[in-house]
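The values are calculated or read from the model by the stated rules, or taken from the named source; none is laboratory data. Quantities reported herein were computed from a predicted structural model and do not represent experimental measurements. Using ideal geometry, Cβ is built from the backbone for each residue, glycine included, and neighbour counts are taken over all protein chains shown.
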Amino acid sequence: MKKSEIRKKILEIRKQKNSKNLVIDYKKIFKILKKIRLSKTVGGYYPYNYEVDSIKILEKFEKKNYHISLPKIKKNFQMDFFQWSTKDPLAINKYGIPEPISNKIIYPNILLVPLVAYDKNFNRVGYGGGFYDRYIKRIKKNKNIITIGLAFSFQKVKKIPINKHDIKLDFVVSD
């Protein structure tokens with residue numbers, strides 16, 4: 001199955017399930033991080049289009065004194081992460097996604113990654129813009145970063161076709 005077909009199918013299922021009652025146990029994420037010594041800097045995302053609600057998870061990180069950041073989309077399908085607190089206001093970007101107002105760039109060590117679908121090898125399908133693949137590839141050149149996909153179990157598929165631009169996740173945590 002092509003990525004576009006997987007994307008269409010899983011987005012429809014996710015919309016039907018309207019997954020508000022499904023939650024991810026944030027303790028699973030902390031269990032992963034206990035094994036890895038990294039600075040306490042997390043890049044999250046603002047949930048959009050029925051994605052896993054990462055804001056609740058980011059609140060837990062903030063209570064444990066982690067520095068929180070969210071992405072801002074830039075030109076040429078690039079993005080960077082900017083300082084944010086769960087108490088800070090957000091601005092809506094051209095895609096209708098809330099972004100931080102801050103101009104302070106943060107380079108997270110831990111990146112919570114939204115996804116449409118994933119497989120057992122931690123390959124992922126996003127919305128097709130390649131924002132996360134480009135960002136992870138660029139940052140991994142200079143920094144050790146752990147990527148954790150957040151998903152619902154129904155988003156797991158048998159196999160995702162990959163190409164040279166696709167970056168595999170380190171972990172996927174689901175409900």
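Details
- Filter result for the condition that a residue is under 16 Å from the mean Cα position of the chain (by Cα), among the polar types (S, T, N, Q) and not in a helix (DSSP H, G or I), over Ser85, Ser69: Ser69
- Close Cβ contacts (under 8 Å, 6 or more residues apart or on different chains) running from residues in segment 33-44 that are within 15 Å of Asp170 (Cβ to Cβ) to residues that are small (Gly, Ala, Ser) comprise Val42/Ser69; Gly43/Ser69.
- Single residue of Lys15, Lys31 found to be in a helix (DSSP H, G or I), at pLDDT below 95 and closer than 25 Å to Asn144 by Cα: Lys31
- Filter result for Tyr95 (surrounded by 15 or more Cβ atoms within 10 Å (Cβ to Cβ) and part of a loop (DSSP other than H, G, I, E, B)): no
- For segment 63-94, the set of residues classified as under 29 Å from Lys15 (Cα atoms), in contact (Cβ under 8 Å) with a residue 24 or more places away in the chain and out of contact with any Leu (no Cβ under 7 Å at 6 or more places or on another chain) consists of Ser69, Leu70, Pro71, Lys72, Ile73, Phe77, Gln78, Met79, Asp80, Leu90, listed by residue number.
- Residues of segment 86-144 that are closer than 22 Å to Asn49 by Cα and small (Gly, Ala, Ser): Ala91, Gly96, Ala117, Gly126, Gly128, Gly129, Gly130.
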